[in-house]
There are 2 protein chains.
Amino acid sequence: MSSADGGGARVEIMGGFAKGLAIIELFGLERPRLTVSDAANGAGLTRAAARRCLLTLEGLGYVEFDGKYFAPRARLRRLGGVAAYATGLAERAQPLIEQLCEELNEPISVAVLDNDASLFIARAEAHRIVSTGVRLGARIPAYCSATGRVLLSGLEPMEVDQYLGRIKPVARTPKGVTDLAALKALIGQASMEGVSFSDEELELGMRSMAVPIHNVAGDIIAACSLSTSASRVTLDEMKRVYLPRLEAVASAIRG
Amino acid sequence: MSSADGGGARVEIMGGFAKGLAIIELFGLERPRLTVSDAANGAGLTRAAARRCLLTLEGLGYVEFDGKYFAPRARLRRLGGVAAYATGLAERAQPLIEQLCEELNEPISVAVLDNDASLFIARAEAHRIVSTGVRLGARIPAYCSATGRVLLSGLEPMEVDQYLGRIKPVARTPKGVTDLAALKALIGQASMEGVSFSDEELELGMRSMAVPIHNVAGDIIAACSLSTSASRVTLDEMKRVYLPRLEAVASAIRG
DNA sequence: TGACTATCGTTCGTTATCCGAACATACTGT
DNA sequence: ACAGTATGTTCGGATAACGAACGATAGTCA
């Protein structure tokens, strides 16, 4: 049952993959969690096959298991892609970040994680003769930006390890962090503190901070950042004055 | 390498399923489409294995193939689940449907598709002594509601066929439609016209219409409906007076 | 408390799914 | 025209995935 003979060639369809997708599609608002039997009945599979699918999903970090029920993790919810889970975010964020930008006179951006990079999808430009910050549509490797570290902190531990296993960090300034263990620690710190700072790592003289934007389920779907000149604003001032405002905007943007 | 020996028992992990998920995760804003070689390189698989994964996804309606590139379809974008792709929709819709409700004095609702049913996630109640419409949190089989037909029209043809293959329609009133071919035609009509009507099928005396709510990618992620009393409003009046207003609200809610 | 039912975890011999190397064909760039 | 690259196809076989069966566990009810 894994070959389809449509005319000429024999096309091998992967039966196990098809079964697994059928299991994934069972989860919904009415069925936020499944037992093995639920899954087998719902997808029309044997109990053993359904169990293997769910264990594969658990092993890869897509679902969690409490001893009886399997339930989706953030990684599963993100499987539809950023075009699905962060849809419309840029449009909703724009007026809010422009307002904050007007107030603080510093550039504010929103970024999503896309193929190991921070992709900047919204930006409000400060009215300064010389402004800092990343341009709209830019992609920056996630490891060396404040937004990137916040976005990475929303991944499952296994995803973080997979990510660190495939990057080759390069420092852009003398202050750039490239050690994998140090990067992992910074990601962990972003997770614990709900904020990340990048101090002259992208460009000398520029310092940024970023906070997460969550969806209703609590998943981190984007990051909101503020950039400023190191000569104008100290790190401490960023924390005391700017951070509460940025957090409030990120909260208002929430998906 | 599909068994993991964690202590005691041998757990069979499904290698083909794991490979398929790795392929799915490659799609992103930077990579909206993939060739077979792109996928093989990106997921660290052989070209043949990557190709079988992509052909499986195509065969099941998750991706489309133009002869060279594979690109996600709506079904793939929905794989993260309604909690991901329609996140925050209820909160964003509520003020807008309350405003329309105030204006027309008819109840307005928003529903998503969840496990073959319309799940009502937002509702604005008309200030009438006797009001019609579905209560918040209710689930109605998709085949017999205007919202359900609109939501089903957003599915891939294969998904619609799979859906029709697993339901057993029951008429709730003498006007209820239960013939599978007729239901398929109604779903097709909702797709073509961008609106669906349910005239006394749920409850005698109650008539409804629903229009789709799209995300930025154009996927139907929810439906917006208005219900009224058949004795008060004709079908023609619904079309002439109410439909444009409902479409405008649905457009404003857009994900 | 015990009988009964439902569900789950595990086993393992079997089988057919999925594998990938190799070859042919198509496409692209110079 | 030709070299290099990419893609489609084939098919024998290795092993991944299978599921029936059994024992264990959990829940229910009298």
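The values are calculated or read from the model by the stated rules, or taken from the named source; none is laboratory data. All figures in this text were calculated on a predicted structure; none of them were measured in a lab. Please note: Cβ atoms are built from the backbone with ideal geometry, for glycine as well, and neighbour counts cover all protein chains shown. With ligands, DNA and RNA removed, areas are computed over all heavy atoms of the protein, side chains included. Shrake-Rupley method; radii C 1.70, N 1.55, O 1.52, S 1.80 Å.
The table for this structure:
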read-out	value
Proximal lysines relative to A:LYS68, as straight alpha-carbon distance under 21 Å, when same-chain residues fewer than 8 apart are discounted	A:LYS19
10 Å Cβ neighbours from other chains, averaged over peptide A:72-79	5
Under the Karplus curve 6.51 cos²θ - 1.76 cosθ + 1.60, θ = phi - 60°, whole-Hz ³J(HN,Hα) for segment A:157-167, x wherever Gly or Pro sits	x, 5, 5, 4, 5, 4, 4, 4, x, 10, 9
With every protein chain in place, segment B:82-253: carbon and sulfur % of accessible area (1.4 Å)	55
For segment B:192-221 and segment B:58-109, distance of Cα centres in Å	13
Per-residue ³J(HN,Hα) for segment A:229-241, Karplus 6.51 cos²θ - 1.76 cosθ + 1.60, θ = phi - 60°, Hz, x for Gly and Pro	8, 4, 7, 9, 10, 7, 4, 5, 5, 4, 5, 6, 9
Pair A:ARG135, A:ARG166: separation of 7 Å Cα→Cβ label points (nm)	2.8
Pseudo-label separations to other copies for A:PRO174 - Cα-to-Cβ vector, 7 Å, nm	9.0
Loop trypsin sites (Lys or Arg not before Pro), segment B:157-194, which have at most 14 other Cβ atoms in a 10 Å radius of their Cβ (DSSP)	B:LYS175
Shielding by partners, peptide B:116-125 (average Cβ within 10 angstrom, other chains)	1
For the protein assembly as shown, size of Cβ-based charge dipole, Lys and Arg +1, Asp and Glu -1, in debye	820
Two-site FRET efficiency, A:ASN41 against B:GLU64, from Cβ-Cβ distance with R₀ of 30 Å, rounded to 0.05	0.45
Simple Cβ-charge dipole of segment A:82-253, Lys/Arg +1 and Asp/Glu -1, about Cα centre, in debye nearest 20	300
CD proxy at 222 nm, helix term only [per DSSP H run n ≥ 4: -39500 (n - 2.57); per residue of the protein assembly as shown; nearest 500]	-11000 deg cm²/dmol
Net charge contributed by nearby residues that have their C-beta within less than 11 Å of A:GLY20 (K/R +1, D/E -1)	+2
Local electrostatic count, A:LEU226, Cβ distance below 10 Å [Lys/Arg +1, Asp/Glu -1]	+1
Positive dipole terminus of chain A, leading residue within A:PRO72, A:GLY44, A:PRO174 (C-beta point charges)	A:GLY44
Dipole-positive endmost among A:LEU186, A:VAL134, A:VAL211 within segment A:82-253 (Cβ charges, Cα centre)	A:VAL134
GluC sites (Glu not before Pro) lying in DSSP loop within segment A:13-110, provided at most 14 other Cβ fall within 10 Å	A:GLU30
Per residue accessible area of segment A:99-255, 1.4 Å probe, in Å²	43
Shielding of B:219-226 by partner chains, average beta-carbon count, 10 Å	1
Contact surface B-A: accessible area buried, both sides summed, square angstrom, 1.4 angstrom probe	4000
7 Å along Cα→Cβ, label-point gaps from B:PRO141 to other copies, nm, shortest first	5.7
Lysines whose Cα lies under 23 Å from that of A:LYS175, excluding same-chain neighbours fewer than 8 positions away	A:LYS184, A:LYS239
Burial ranking of peptide ranges A:202-214, B:41-53 (average Cβ count within 10 Å, highest at the top)	A:202-214, B:41-53
Percent accessible area from carbon and sulfur atoms, segment B:3-72, protein chains only, probe 1.4 Å	47
